[in-house]
Amino acid sequence: MTTVIAPTSIEIEQPPELEVINMTKRFGSLVALDNVSMLIKPGTFHALLGENGAGKSTLVKCIMGFYRADQGDVLIGKHSRQIESPRDAQKYGIGMVYQHFTSVPAMTVAENLVLSRLNSPGLINWNEEYAKLNAFMANAPFQVPLDVPISQLAAGQKQKLEILKQLYLKSKILILDEPTSVLTPDEADEVLGLIREQVTAERLSVLIISHKFREVTTFADEVTVLRKGKFAGHGTVKDLTIADMAEMMMGERREPQKVAKVQQSDRLSILQVTDLHANKDNGLAAVKGVSLTVHGGEIVGIAGISGNGQKELVEVLAGQRSPISGQVLVNGEPYTATRVEMFKHKVFALPEEPLRNACVPHMSVAENMALRTFDRPPQAKGFLLILKTIRQMAQDLIQQFKVKTPSAETPIGNLSGGNVQRAVLARELSSDQINLLIAANPCFGLDFGAVEFIHGQIVEARNQGVAVLLVSEDLDELLALSDRIIVISGGQFAYESQTETADFSAISHSMAGH
Amino acid sequence: MAAEATQAIGWWGVLLAIAAGTMRGGTPFLFVSLGECLTEKSGKINLGLEGTLLTGAMTAYGVSYLTGSPWLGVIAAGIAGALLGVIHGWLSQQPRVNDVAVGIAMIIFGSGIAFFFGKPFIQPKAPQLPTIDLGNWSDIPALQAALQITPLFLLGLAIAPVMNWFFRSTRWGLFVRAVGDSPEAARAMGVSIFKVRMLSIIAGSFLAGIGGASLSLYYPGLWTERISSGQGLMAVALVIFARWNPIQCLWASLLFGGAQALGPALQSVGIKEGYYLFNAAPYILTLFIMIFTCSSKKMISGAPGALGTSS
């Protein structure tokens, strides 16, 4: 028996209690979620913590009806409910904001909002809908223009729209899956702060998945921690320290390893970019006159919210995109990222999404590791490849960089993301002489162990005198690794400082383009 | 003097013939391009509409001949097209199946079906669709012939704005656009991508089938195996040219129809040189449109975000 409460009466009602009891979900032989229970009290801000692969997403997807749990119960307002699809969840007042935007880019804000409604009419009377939407916007915690297509909204506005959509649907329990990963710290605080107000006023309950302890300690009331698919702990935020929560997540107390940097004395400028312009795929300008210099033994970090031109900048430097104008010099010579120039100047790159940008997925790990060197001695003799040497070299690299692969002959596409990353890193750092390393989001989506390893390798390269250009969306990573930090916003550099003297709020402000 | 006058009328005749051809030749383009527009808006490409067009033409002609009712033929053509659409819709949505490859298979299959069942209908004369004669006020036969308009053209003329309105102001229209632009978003809303694409492909194929009927029951008004001469494929280029907008599909169809009429119109005034060249006008036009709308540096604006991807 399911009764849907009329929308008008929900308006003043408190959010219901949400309880998950002994939930288990298996994917084949893998137990993604093992007997997990969780309680979200009405009007609380509840954080769900855990490392990558701990089962957080699986848990919320089971609640939302994306997956069907093998065992376990969902109780809404103390009643057991069968949730078969996200539509069912919407009926019970549960709404989810996904990590990636789920609005249709080519449609306007108004069209997206009306479309998201379950009971939207077959024929849409736009005058009437606009009147209702304007009334809704007048009372909403934040504003988004109704007439603008989603593709023209900034990331922060898109995320606000995703949350507005749930309020528009009158969701009482909001599930947020890493909602701030695409926002500047300022935007994140604004959005979460406004949601917090709604929670405090007991209009909403919130379950938030987050990696960022700062957000958890600032906004959340309670935490539930998962580890390897199992319940690992629960508590109220004010009773827990960050170290306690980290311990629950990782199962051991571990201080983040400090990466030791060696001071460099002679600093030759290796990479020089002057007034570089490049376009996006759709022909609009993405990089608008960027100039920078990277010296040997220096890590220059480029911070910025994705979509501000850093992807195109890296693609130009890696030879994947032709610039419109501007000059790139490596070792004082013009550089157009041909294979000959890469070899001559010892330029190596670790692009984002390495499986797509730096690997041939169906070729073996050994073949992929030889992509840089297969046509030169000792891996080749004239036009013949020396397969034995290629395999031997790959096996050495697999050991040295601890790549977990069944064999050197396994197609690289079968490896996990972290191991693909390691394999590419092995290829790019295996050369005796490296001059310039370009890395873009090298740790995206990797677990603690892999992140530490890759950070260590990058700093070690720096200490040996390599010039490193590190582009990342993770500000903490940049602050920890880079010697100099530059903020890119709207295709231009908006801030530059030595990392030691960098001002966090200035970085945050310039990321937002102010 | 007299010679000059004839010459003048002759050139007017060319323009008149092109204007008439615009409507005649544009009608099948209009239906196929509207069908393809609907299909591509949902994120799938159906190259098989060339085969659908042929099957529609044959079915319309055959049914019209057997029953004596051309309108029954039109409906049968639509249904035959829709059936081919079911095959394409199902096949192209299987995992790791490419819709272009399925489309090419469907061209061969659709034309094969049409040739196989169409053999007995090549000789006999089937009843044609009635025309609306708007030129009765004039006594110039050329003008009268030029203003014989098929009701199918008027139907297509009505469907274009209706489809535009459908995409903008109906729940189902928004679903189709959502599925074509961002399947993940549509899935998050609980919309069945398979169903929406299936229905879009079926409806698009239905329209293409009717386009075929206008070939065999109006202009040129007969059934031969070479009747479509690649119009179904050209319609795909035309949709790109029209930026996936039904209203612009209408204008683009008229342009292609006019280009097709160029050769016969010039022939009618006795210009024989370059006849084949003028007949090739629509193909040349297609080629130029493809060249000018494609760029390695720029994506076409207005394209559905998920067009041709499998998900």
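Just so it is clear, none of the values below were taken in a lab; they were calculated from the coordinates. All figures in this text were calculated on a predicted structure; none of them were measured in a lab. Here Cβ is always computed from backbone atoms with ideal geometry, including for glycine, and neighbour counts include all displayed protein chains.
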Shielding by partners, peptide A:111-122 (average Cβ within 10 angstrom, other chains): 4
Whichever lysines have a C-alpha closer than 25 Å to that of A:LYS402, once near sequence neighbours (fewer than 8 apart) are set aside: A:LYS228, A:LYS258, A:LYS261, A:LYS346, A:LYS388
Reachable aspartates and glutamates from A:LYS238, criterion Cα separation under 20 angstrom, eight or more residues apart if same chain: A:ASP189, A:GLU197, A:GLU202, A:GLU215, A:ASP221, A:GLU222, A:GLU247
Computed [θ] at 222 nm, deg cm²/dmol, the protein assembly as shown (DSSP H ≥ 4; -39,500 (n - 2.57); rounded to nearest 500): -15000 deg cm²/dmol
Members of A:LYS132/A:LYS165; A:LYS170/A:LYS212; A:LYS61/A:LYS170; A:LYS61/B:LYS41; A:LYS158/A:LYS280; A:LYS25/A:LYS78 lying beyond 24 Å, as alpha-carbon distances in this model show: A:LYS170/A:LYS212; A:LYS61/B:LYS41
Lys, Arg +1 and Asp, Glu -1 on Cβ, resulting dipole of the stretch B:2-293 about Cα centre, debye, nearest 20: 760 debye
Residue among B:TYR276, B:ALA261, B:TRP90 farthest towards the positive dipole end of the stretch B:2-293, charges placed on Cβ: B:TRP90
Rg to Rh, two decimals, where chain A supplies the alpha carbon set and Rh follows Kirkwood: 1.00
A:GLY43 long-range amide H proximity, modeled H, under 5 Å: A:SER205
From phi via Karplus (6.51, -1.76, 1.60), per-residue ³J(HN,Hα) for the stretch A:235-246 in Hz, x at Gly/Pro: x, 8, 4, 6, 8, 10, 9, 4, 4, 4, 5, 4
Efficiency of FRET between B:THR67 and B:PHE194 - r from beta-carbon atoms, R0 30 angstrom, step 0.05: 0.25
Separation of alpha-carbon centers, the stretch A:188-230 and the stretch A:100-156, rounded to whole Å: 25 Å
Translational D in µm²/s for the stretch A:172-257 (Stokes-Einstein at 25 °C, 0.890 mPa s, Kirkwood Rh from C-alpha pairs): 177 µm²/s
Debye equation applied to the C-alpha atoms of the stretch A:356-430, log10 I(q)/I(0) at 0.18, 0.20, 0.22, 0.27 Å⁻¹: -0.61, -0.75, -0.90, -1.30
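Just how large is the dipole of the protein assembly as shown about the Cα centre, in debye to the nearest 20, putting +1 at every Lys and Arg Cβ and -1 at every Asp and Glu Cβ?
Roughly 1880 debye for the protein assembly as shown.
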Residues B:PHE288 and B:LEU15, FRET efficiency given R0 of 25 Å [Cβ-Cβ distance, rounded to 0.05]: 0.70
